[in-house]
Amino acid sequence: MFEYVIDVGPVGRAWLEATPRTDEARLVTGPGRLEVVRLRGDALITAEPYPGHRPVFVLVGGDDRHRARFLHTSRAVPPRRPSP
């Protein structure tokens, strides 16, 4: 499991930093620090491909200061088709 933090610098560039929080996560090479840009109102996408694709991060929920409560990082999986 990773902890994700989004930081916006003084000139408005946003960075997503992933820090491993479990022993298993430390065995996996995480993204480290990636620049992200706005895809739509509630979603960010990496500025450059990582690794070979551009992950989307969706901001979910929020508080009275408009800070996201959750960061959704999973890709959608199509439903299974029934076996014939």
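Here are a few things to note about the model shown:
- Test: residue in the range 54-70 that is small (Gly, Ala, Ser), in contact with a Gly (Cβ under 8 Å, 6 or more places away or on another chain) and modelled with pLDDT under 85: yes
- Of the strands (runs of 3 or more DSSP E) lying entirely inside the range 1-58, those containing at least 2 residues that are surrounded by fewer than 13 Cβ atoms within 10 Å (Cβ to Cβ) are 2-8, 33-40.
- Extreme residue, nearest to Gly62 (Cα to Cα), among residues of the range 7-44 that are modelled with pLDDT of 90 or more and of a type in the set (Val, Ile, Thr): Val8
The values are calculated or read from the model by the stated rules, or taken from the named source; none is laboratory data. On a predicted model such as this, the values are computed, not experimentally measured, just so you know. Cβ sites come from the backbone with ideal geometry, for glycine too, and all protein chains shown count toward neighbours.
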